[in-house]
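What follows is a short report on a single structure.
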Amino acid sequence: MDVDIKHRPSFSLAVARLAPDEEIRVEPGAMVSHSYGVTTDTKMEGGLFGGLKRMMGGESFFQNTFRAPAEGGEITVAPSLPGDLIELAVGPGPLLLRSGAFVASEAGVQFDTTWGGARGFFGGSLLLLKVTGSGTVIASSYGAIEERILAEGQRYVVDTGHVVGFDDSVQFEVSKSGGWKSAVLGGEGLVCTLTGPGRVLMQSRSEEAFLGWLVPKLPQPKG
């Protein structure tokens, strides 16, 4: 699979060119277009139990698999929110990806949502998927993507609403930002303290912050 990402960073669109009979798994609703002859199969990857595990991790119950015809083809995908896309190579080590960031992947990539979901629920509001296997993942962000490379033992703090993903070699801990005054009066909630070595990916905007700005401005029902 060859991926070309266009219109960055605000309204990114990924063009995936598929080899003959190659398959790509796509999150429901992310497909924009595809060449004629590409077929679609919607199913629960891993059966009922696999579908339930993905729901625990915040992903869709079903997944769409698109298959190119004998002459090859292309498919374009985009996230639901305005922002960027990034092409990530998985393997040999795992990758931790924020729940909701997955857009598409090659067939050789697997997701362990039980691990990520449980770790996220007990650690705070950060839900993570453990991505393993070998292949390419197309992930999305709300806003632009910013990268940091942490050295061995180097610490870095990111608001949980701005985390996109990080290498499995990076250790993380979720906690409050400062004391109760920062959390309640300063508008800061939970943060993730990351300890290297490894790569950290952040998004320049936060869905939670946007909703916090938007909801008070919506018309309220009478009565």
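The values are calculated or read from the model by the stated rules, or taken from the named source; none is laboratory data. These figures come from a predicted structure and were not determined experimentally. Virtual Cβ from ideal backbone geometry, glycine too; neighbours counted across all protein chains shown.
Pairing residues of region 99-110 that are more than 14 Å from A16 (Cβ to Cβ) and without any contact (Cβ under 8 Å) to a residue 60 or more places away in the chain with residues that are part of a loop (DSSP other than H, G, I, E, B) and among the hydrophobic types (A, V, I, L, M, F, W, C), at Cβ distances under 7 Å and at least 6 apart in sequence or on separate chains, gives S99/L127. Is it the case that region 40-47 has a residue that's of a type in the set (A, V, I, L, M, F, W, C), part of a loop (DSSP other than H, G, I, E, B) and either surrounded by 12 or more Cβ atoms within 10 Å (Cβ to Cβ) or modelled with pLDDT of 85 or more (or both)? Yes, some residue in region 40-47 is of a type in the set (A, V, I, L, M, F, W, C), part of a loop (DSSP other than H, G, I, E, B) and either surrounded by 12 or more Cβ atoms within 10 Å (Cβ to Cβ) or modelled with pLDDT of 85 or more (or both).
For beta carbons closer than 7 Å, sequence separation of 6+ or different chains, a first residue in region 159-170 that is under 16 Å from F210 (Cβ atoms) and modelled with pLDDT under 95 and a second that is surrounded by fewer than 22 Cβ atoms within 10 Å (Cβ to Cβ) and among the acidic types (D, E), the qualifying pairs are G161/E207; G161/E208.
Hey, among the residues in region 172-223 that are assigned to a strand (DSSP E or B) and surrounded by fewer than 15 Cβ atoms within 10 Å (Cβ to Cβ), which one's modelled with the lowest pLDDT? Here the residue is K176. Being aliphatic (A, V, I, L, M), closer than 30 Å to P28 by Cβ and modelled with pLDDT under 95 is a property that holds for L127.
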